[in-house]
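Presented below is the structure to which this report refers.
The values are calculated or read from the model by the stated rules, or taken from the named source; none is laboratory data. Nothing here was measured: the structure is a model prediction, and the numbers come from that model. Cβ placement follows ideal geometry from the backbone for every residue including glycine, while neighbour counts extend to all protein chains displayed. The area values use the complete protein model at the heavy-atom level, side chains included, leaving out ligands, DNA and RNA. Shrake-Rupley method; radii C 1.70, N 1.55, O 1.52, S 1.80 Å.
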Amino acid sequence: NASSRPCFLLLQLAYSRKARPVEYRPYSEKEYKAQYALGEYYELGKLGPDLDVNELNEKRQRQERIRAYAEAVRHENKNLIAMAPERRDKPKPPSKREKAIEFARKVPRPKLRAAQETSEEKSEPEEEQVTELQLLALRHKRDKDLVMAIKRDLGMKAYEEDV
């Protein structure tokens, strides 16, 4: 089997059954039990802070420079705003709705007509407001009254009660 595989494949294997060298001394079970009594609570170690002082100092200095720059810009902007003259905005042109409302206020209202109606006008409604059906009904009533008047003049009393 091994002779059929090319030898470079064997060299490239990432995993080997051969034990790797370790940098710590493995403890036995007896040593573990002697060091840590079973059943008792004990606190494990903590990672602690990163003590690479140069990197931390560089980060702190950079953050401090950023804060100082931001404070200087804020102070400069505050002075610029205080020294600048007041800005007066141009008045907005009125919207279409506002124009319509203003126009409606200026339109003159119609004057009320004087109440000088005769007795005929009181009995008959104004023709402008009357529908076609009502006009026909009024015309019918007028014609009927006219026929009754003619019959009275001719002495035809018998037909008055029928109609």
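Assorted remarks:
- Verdict on Tyr27 being surrounded by 10 or more Cβ atoms within 10 Å (Cβ to Cβ), at pLDDT 80 or above and part of a loop (DSSP other than H, G, I, E, B): yes
- Scanning the range 76-134 for residues that are modelled with pLDDT of 85 or more, hydrophobic (A, V, I, L, M, F, W, C) and over 30 Å from Asp145 (Cβ atoms) yields Leu80, Ile81, Ala82, Met83, Ala100, Ile101, Phe103, Ala104, Val107.
- Residue count for the range 50-75, restricted to those that are at pLDDT below 90 and either open to solvent by less than 100 Å² (accessible area, probe 1.4 Å) or in contact with a strand residue (DSSP E or B) (Cβ under 8 Å, 6 or more places away or on another chain) (or both): 6
- Scanning the range 80-111 for residues that are surrounded by 10 or more Cβ atoms within 10 Å (Cβ to Cβ) and either on the phi > 0 side of the Ramachandran plot or assigned to a helix (DSSP H, G or I) (or both) yields Glu98, Lys99, Ala100, Ile101, Glu102.
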